[in-house]
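Following: one structure in structure tokens, then a few remarks.
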């Protein structure tokens, strides 16, 4: 049976787009150049969505984590740790595949037709560990230990790296707000440079930010093997044709490890499988197609 | 215990732990810190601060 190699991409992109609109529904913010200040901003969204995006109606979990552990009062955040445990235990990196606006952004960029696309390269496997280093150094250690005189840390990942903040917050706010425009300096240039690099790389490599940099993906990846939402291979059906491994843009082999830490649950492998041997379970209750 | 049941038990324990952490965090006032950070433009996030 010949199957569509794009599989459920259309459906997935609709979910991603709808979720992006829901979580950035404060449209008036884009007109006024201001951000939403309502009460639900103490709640986090599962994906990487800057809370300084004019449309954002809730908080970015990575920004929120740095805000709490960088405060002079607390050096551990039960609130955000609990949030990660709940979301991670329920979904794992399904969030990356379906509920992350910056993931959608990279997905769309990678659809730009280009002859020169890279699926894997020499240091791909080693570079995957970079996101864990970034999580530990920029998101946890630096906000805790590099503080000002009152013990207040900075959100170093947001400040030095996060291209989602530049895209969703920096660009629209600087474009719409004169005060912001006048404050632009070297740091803004640096963050724009990172964003441009991510944009170019996303056209060539599938989701480079998610694979190598994203600390949120790093956190959720730890839950992939134990999350309630899982893939499993029906060995009675599997014919070891390797089509699933060949189609996977995250470099996973579902037959070897259906719950790899790199799997973002995009479902391409399930769609391409000629024998429908890749099934998913939720709380161990088996689901087919 | 069957492997499948062990998996379900682990998921249940993790979820309970997650909610417990979440409520401890709210009780400690961490959600207020998140709120205060999120309702003001984060200059670091947008590359200005």
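Each value in this text was obtained by applying a stated rule to the coordinates, not by laboratory testing. Values in this document were obtained by computation on a predicted structure and should not be read as measured data. Note that we place each Cβ from the backbone using ideal geometry, even for glycine, and neighbour counts take in every protein chain shown.
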Comparing A:165, A:47, A:251 in a Gaussian network model of chain A (Cα, 10 Å), the one with the largest mean-square fluctuation is A:251
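Quote the FRET efficiency, to the nearest 0.05, computed for residue A:22 versus residue A:73 with a Förster distance R0 of 41 Å and r equal to the Cβ-Cβ distance. Don't skip to the answer; put the middle values down first.
Numbers: r = 32 Å, r/R0 = 0.78.
Plugging the Cβ-Cβ distance into 1/(1 + (r/R0)^6) gives 0.80.
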Relative to the compact-globule estimate 2.2 N^0.38 Å (N residues), the Cα gyration radius of the range A:228-287 stands at a ratio of 1.00
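Looking only at other chains, what is the average number of their beta-carbon atoms within 10 angstrom of each beta-carbon in B:9-21?
Working: counts 0, 3, 9, 3, 1, 9, 6, 3, 5, 10, 3, 3, 11.
Taking all residues of B:9-21 together, the mean is 5.
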So residue A:122 and residue A:32, fully extended at 0.36 nm per residue minus their Cα-Cα distance, gain in nm 27.7 nm
In degrees rounded to 10, the 0-90 angle between helix A:9-23 Cα long axis and the longest Cα principal axis of chain A is 20 degrees
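Full-extension gain between residue A:283 and residue A:148, please, as 0.36 nm times their residue separation minus the C-alpha to C-alpha distance.
Values: separation 135, 0.36 × 135 = 48.60 nm, distance 4.54 nm.
Stretched fully, the residue A:283-residue A:148 segment lengthens by 44.1 nm.
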Comparing A:97, A:70, A:185 in a Gaussian network model of chain A (Cα, 10 Å), the one with the largest mean-square fluctuation is A:185
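Below 8 Å between Cα atoms, with a sequence gap of 6+, how large is the relative contact order for chain A in percent?
24 percent
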The simple spin-label model distance between residue A:14 and residue A:115, using points 7 Å out along Cα→Cβ, in nm, is 3.6 nm
Among A:49, A:257, A:24, the residue with the largest mean-square fluctuation in a Gaussian network model of chain A built from Cα contacts under 10 Å is A:257
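Could you tell me whether chain A comes out rounded, prolate or oblate from its Cα gyration tensor? Rule is a ≥ b ≥ c as square roots of the eigenvalues, rounded for a/c under 1.5, then prolate if a/b exceeds b/c, otherwise oblate. If you can, show how the numbers build up before the last one.
Working: a/c = 1.85, a/b = 1.61, b/c = 1.15.
Prolate.
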